[in-house]
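S.K.: Dumping the structure here so I can ask a few things about it.
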Amino acid sequence: RLALEKKLRDALAEIEHALQKCEAGTYGLCDSCGQPIGQARLEALPQANLCLRCKVRQASETKGAR
């Protein structure tokens with residue numbers, strides 16, 4: 001149950017971050033590099049805050065840190 005609650009809290013935080021970016025006029029821009037996030041990625045995951053390149057880099061760094 002705790003894992004599910006954490007997952008829901010994390011999802012809500014991502015959505016709230018995306019809404020803040022909409023208000024700031026930066027929705028669709030990568031939080032890491034500032035480049036546009038691909039339209040297909042945003043359609044599949046509207047709360048995405050990283051472009052695919054930065055997301056792949058983050059995932060590989062996280063995997064390497066384990």
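S.K.: Just the accessible area per residue of the chain, please: how many Å² with a 1.4 Å probe?
M.R.: Spelled out: the 1.4 Å probe surface of the chain, per residue, equals 80 Å².
S.K.: Counting only helical runs of four or more DSSP H residues, what would the 222 nm mean residue ellipticity of the chain come to if each run contributes -39,500 (n - 2.57) and the total is spread over all its residues?
M.R.: Using -39500 (n - 2.57) per qualifying helix, the result is -21000 deg cm²/dmol.
S.K.: On a straight-distance basis, which lysines could pair with Lys63 in a cross-link, Cα separation under 16 angstrom, same-chain partners fewer than 8 positions away excluded?
M.R.: Lys55
S.K.: Given 5 Å bins starting at zero, what is the percent of C-alpha pairs of the chain in each, up to the one with the largest pair distance?
M.R.: Calculated P(r), rounded to whole percents: 4, 17, 21, 22, 20, 12, 4, 0.
S.K.: Could you tell me which trypsin sites (Lys or Arg not before Pro) in segment 1-41 are loop residues by DSSP with no more than 12 other beta carbons within 10 angstrom of their beta carbon? Write out the running numbers ahead of the final one.
M.R.: Details: sites: Arg1, Lys6, Lys7, Arg9, Lys21, Arg41; in loops: Arg1.
Those that pass, being in a loop and sparsely packed, are Arg1.
S.K.: Now, a different point. Accessible area, 1.4 Å probe, largest first: how do Glu14, Glu61, Glu43 sort?
M.R.: Largest accessible area first, the residues go Glu43, Glu61, Glu14.
S.K.: For segment 1-65, what % of the accessible area comes from carbon and sulfur atoms, probe 1.4 Å?
M.R.: C and S atoms contribute 58 percent here.
S.K.: Sticking with this one: Under the rule of at least 5 residues apart or a separate chain, name every residue whose amide H is placed under 5 Å from the amide H of Leu29.
M.R.: Residues meeting the amide H criterion: Ile37.
S.K.: Under a Cβ-Cβ cut-off of 13 Å, what is the net charge of the residues other than Arg1 that fall near it, where Lys and Arg count +1 and Asp and Glu count -1?
M.R.: Around Arg1, the surrounding residues sum to +2.
S.K.: Set the Förster radius R0 to 30 Å, insert the Cβ-Cβ distance between Leu8 and Arg53 as r into 1/(1 + (r/R0)^6), and round the FRET efficiency to 0.05.
M.R.: FRET efficiency, Leu8 to Arg53: 0.60.
S.K.: Given labels modelled 7 Å from the Cα in the Cβ direction, how far is it in nm from Lys63 to Ala24?
M.R.: The answer from the label model is 2.9 nm.
The values are calculated or read from the model by the stated rules, or taken from the named source; none is laboratory data. Given the structure is predicted, the values throughout are model-derived calculations rather than measurements. Here Cβ is always computed from backbone atoms with ideal geometry, including for glycine, and neighbour counts include all displayed protein chains. With ligands, DNA and RNA removed, areas are computed over all heavy atoms of the protein, side chains included. Shrake-Rupley method; radii C 1.70, N 1.55, O 1.52, S 1.80 Å.
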